[in-house]
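Q: Below: one structure in structure tokens.
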Amino acid sequence: MAVELKTWKELPIGGVIPGGATPELNKTGSWRSKRPVWDAEKCIHCLMCWLHCPDNCFYTENQKITGIDYDHCKGCGVCAGVCPVNAIEMVPEGGE
Amino acid sequence: MQKTVVGYRKAMTGHKAVAEAMRQIEPDVVAVYPITPQSEIAEYYAEYVHNGVVRTELVPVESEHSAMSACVGAAAAGARVMTATASQGLALMVEVVYIAAGLRLPIVMALANRSLSAPINIHCDHSDAYLARDSGAIQIFAESAQEAYDYMIIAQKLAEDKRVRLPVLVNLDGFTLTHTLQVVELLPDEAVKGFVGEFEPIHPLLDVDNPSTWGAFAMPDYYFELKRAQQAGMEAAPEAFLEVQKAFSELSGRAYRGFFEAYRLEDAERAIVVMGSTAGTAKVVVDELRERGEKVGLLKVWLWRPFVREELVKLLGHLEAVAVLDRALSFGNMGALFLDVTSAFVHEDKRPVFVNYIYGLGGRDVTTDQIKRVYEELKGARPSHELRYLGLRE
């Protein structure tokens, strides 16, 4: 994706971001080399993945996992590691 | 020089002079950790806070790293912030000094110059200031307790200038200035308060209606641009420095003009370039040699960072020989001040012969006889990259 980069004269003093920075504007999922694939059939909704995810990428509804935020998941694999029922599999990106 | 306010003169140490400037500025936050020879600055200020003389929030931190970290946090929140340190304290603090400069926070700090370990020593040299040379902080050197007081006030206004917004270190020689009594003329409190004015923070964190993010990560696509923008703050500093210095001179009647003090330089053939209290010793020698008809002068550096090359070339260009005195080693090369001075002349066809002396390390006394020797050795000096050591047992 083409991003218009600012020159040094256009930046706010001290690298401060007025209005605040939010990851909602900054999709970091492109860093990922492996993606977690969640199996809803196997999942027991213990929320271990939700608890351990360093990027808060598990969507929940009524304390049940509903999906994964691939815009911000960096593929660290912690969720697959802590899942007690192997309901998350790490699949190489770009393979399909 | 005409002055606009009437000051009052008192005998006091350099510590007290700095603490009085801080009391009159009355910053919102002072975060400080005591270290010789700076401790009394912290102690005086703690006393002012305890006695209710100032409304400053004093943060008695557990290290200098924490002191500067607290200063950064408070300044980002929107507070006017000051601190003080020396030697190993600055060495521990310096990681965060770089951050203060990168975040463009106008933190003013007195640095009671003291040598760095090892061997451990508590006395004066400029190795601590040299350590922070490339930190992005503005550095000013004071010759006397009076200058330390005056430049603390000037520093506050300079740091907060919106074109600049950088931390400022005011250097005063440990013990030589911090612990000796000198007569200092203080301005009235309200004159100092009026001079520095209200601090206007940019995007303060405590402005919760207008949230902002500080200290964000910058990847290779933006880090370079942000560092270039930081350099622009330094580039704006000389002009702002002159404006603030001029305004202060008009207020106080003390004639501060320029980035350097030129002492009997106009018709001089030989001169010394020096920073800090040794300038006072050298002036005595200049006067004495002048009485004997020798054409000698002195250039004292007030503003070391940024280093203003153009004015230096104007002031020294006509001389035959110049000795640059560095009060710290820059291991593996000539002294840092020597490199500053000589590089200013690199494109000049007409330039003096330059020699470099290292002097006064670890508080070694600098005598008038030693300074006389330097002026003597400048007669017929030839260009050389030999490092000379003043007052060393060879």
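Q: For the residue pair B:LEU339 and B:PHE217, what label-to-label distance in nm results when each label sits 7 Å from Cα along the Cα-to-beta-carbon direction?
A: It works out to 3.3 nm between the two label points.
Q: Can you list the equivalent-ellipsoid semi-axes of region A:31-96, largest first and in whole Å, using the square root of 5 times each Cα gyration tensor eigenvalue? All intermediate terms of the calculation are to be shown ahead of the outcome.
A: Numbers: eigenvalues 65, 32, 22 Å².
Three semi-axes, in Å: 18, 13, 11.
Q: Given charges of +1 on the Cβ of Lys and Arg and -1 on the Cβ of Asp and Glu, with all other atoms neutral, how large is the dipole of the protein assembly as shown about its Cα centre, in debye to the nearest 20?
A: 920
Q: Counting only helical runs of four or more DSSP H residues, what would the 222 nm mean residue ellipticity of the protein assembly as shown come to if each run contributes -39,500 (n - 2.57) and the total is spread over all its residues?
A: -10500 deg cm²/dmol
Q: Expressed as cubic angstrom per residue, what is the convex hull volume of the alpha carbon set of the protein assembly as shown?
A: Numbers: hull volume 100.7 nm³, N = 490.
Measuring per residue, one finds 205 Å³ for the Cα hull of the protein assembly as shown.
Q: Efficiency by 1/(1 + (r/R0)^6): what FRET value for B:ILE202 and B:GLU239, r their Cβ-Cβ distance, R0 = 22 Å, to the nearest 0.05?
A: Values: r = 19 Å, r/R0 = 0.88.
According to the calculation, E is roughly 0.70.
Q: Right, another one. Does region B:257-394 come out rounded, prolate or oblate, given a ≥ b ≥ c as the square roots of the eigenvalues of its C-alpha gyration tensor, rounded meaning a/c under 1.5 and, failing that, prolate meaning a/b above b/c?
A: rounded
Q: R0 = 56 Å: FRET efficiency of A:TRP8 with B:GLU43, Cβ-based, nearest 0.05?
A: That gives a FRET efficiency of 0.85.
Q: Using a 4.7 Å cut-off between beta carbons, which cysteines in chain A end up with no partner cysteine at all?
A: Singleton cysteines: A:CYS43, A:CYS46, A:CYS53, A:CYS76, A:CYS83.
Q: Hey, rough spin-label estimate for B:ASP365 and B:ASN210, points 7 angstrom out along Cα→Cβ, what's it come to in nanometres?
A: Using points 7 Å along Cα→Cβ, the separation is 5.8 nm.
Q: Name all residues of region B:140-172 having a backbone nitrogen under 14 Å from the label point set 7 Å from the Cα of B:ARG257 along its Cα→Cβ direction, giving them as ranges.
A: Taking a point 7 Å out along Cα→Cβ of B:ARG257, no residue of region B:140-172 has its backbone N under 14 Å.
Q: How large is the dipole of region A:31-96 about the Cα centre if only Lys and Arg carry +1 and Asp and Glu carry -1, each at its Cβ, rounded to the nearest 20 debye?
A: Approximately 180 debye in magnitude.
Q: Still on this structure: In the full protein assembly as shown, how much of B:ASP365 is accessible to a 1.4 Å probe, in Å² to the nearest 10?
A: 120
Q: Can I ask one more? Can you tally the net charge around B:GLU291? Count Lys and Arg as +1, Asp and Glu as -1, for every other residue whose Cβ sits under 14 Å from the Cβ of B:GLU291.
A: Local net charge: +3.
Q: Using a simple spin-label model with points 7 Å from Cα along the Cα→Cβ vector, what separation in nm is obtained for B:HIS50 and A:ASN86?
A: Distance between label points: 6.9 nm.
The values are calculated or read from the model by the stated rules, or taken from the named source; none is laboratory data. Just so it is clear, the model here is predicted, and its values are computed rather than measured. Reconstructed Cβ throughout: ideal geometry from the backbone, glycine too, with neighbour counts over all protein chains shown. Only protein heavy atoms, including side chains, enter the accessible area calculation; ligands, DNA and RNA are left aside. Shrake-Rupley method; radii C 1.70, N 1.55, O 1.52, S 1.80 Å.
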